[in-house]
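Just so it is clear, none of the values below were taken in a lab; they were calculated from the coordinates. All values reported here derive from a predicted model rather than from experimental measurement. Here the Cβ is made from the backbone with ideal geometry for all residues, glycine too, and neighbour counts use every protein chain on show.
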Amino acid sequence: MSNNVIIRKYQPKDAQECSALMQNHFRNYATNLSEIARKRIIEARTTEYVRSISEDRIIVVAELKNKIVGMGALKGNEIRHMYVNQTFQKKDIGSTILNFLEEEARNLGLSSIMVNSVFYATGFYLKNGFKIIQKTQIDRHGSIIDAVLLEKQLK
Ligand SMILES: CC(C)(COP(=O)(O)OP(=O)(O)OC[C@H]1O[C@@H](n2cnc3c(N)ncnc32)[C@H](O)[C@@H]1OP(=O)(O)O)[C@@H](O)C(=O)NCCC(=O)NCCS
């Protein structure tokens, strides 16, 4: 990963950029989801939404030259909101965010973490030591999305 990328915990000033990162993903890339699901998720993932979820989960961001280029979160023992800006994908930023979150999970005394991954990101979690448990479905803002439940034991 580039030496200039800083991985750090979320700060309130990041809310707008995190919202934009999520919305951009669903606007431009999550083309396997229905139009209605994408529209609902984009409308829900506002700056205010990011502010509210920052209360009940640990959010981590990747910052490059004062711009947020990636994010991820740990809610209980569940990995959520893993997004890396398209331009910066496959440069180890996602894995570094995940490692940071895993360390947070260990510090909380958790022995394992899980993720409900969309199909097209499953390979990323497998590369990072997760094992597939089962196919599943998740509810995101009222839309039911096919997913894969994966788990990783923390050493
Ligand atoms: C999934 C995502 C967060 C990974 O971040 P990233 O910075 O690109 O990942 P890394 O560079 O750390 O990749 C680590 C390894 O996983 C692989 N990988 C990354 N994304 C992958 C994907 N979507 N499918 C399969 N393998 C993937 C990389 O090739 C790399 O393998 P290598 O070590 O053999 O080179 C990022 O691609 C992304 O934001 N995708 C769109 C949003 C998304 O799907 N989020 C997950 C929601 S559950």
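For this structure, a couple of remarks:
- From the list ALA73, ALA121, the lone residue that is within 15 Å of the chain's Cα centre (by Cα) and part of a strand (DSSP E or B) is ALA73.
- Among residues of the stretch 101-120, those that are surrounded by fewer than 19 Cβ atoms within 10 Å (Cβ to Cβ) and farther than 14 Å from LEU150 by Cα, counted: 8
- For the stretch 89-96, the criterion of being closer than 20 Å to VAL69 by Cα, more than 10 Å from the ligand (Cβ to nearest atom), in a helix (DSSP H, G or I) and of a type outside the set (Gly, Ala, Ser) is met by no residue.
- Within the stretch 101-118, tally of residues that are more than 8 Å from the ligand (Cβ to nearest atom), among the aliphatic types (A, V, I, L, M) and in a loop (DSSP other than H, G, I, E, B): 2
- Residue in the stretch 1-43 that is nearest to the ligand (Cβ to nearest atom), counting only those that are of a type in the set (Ser, Thr, Tyr) and under 18 Å from VAL61 (Cβ atoms): SER2
- Flag: MET1 does not match the condition of being part of a strand (DSSP E or B) and not basic (Lys, Arg).
- Enumeration of residues in the stretch 124-142 that are outside any loop (DSSP other than H, G, I, E, B) and near the ligand (Cβ under 10 Å from one of its atoms): PHE124, TYR125, LEU126, LYS127, ILE138
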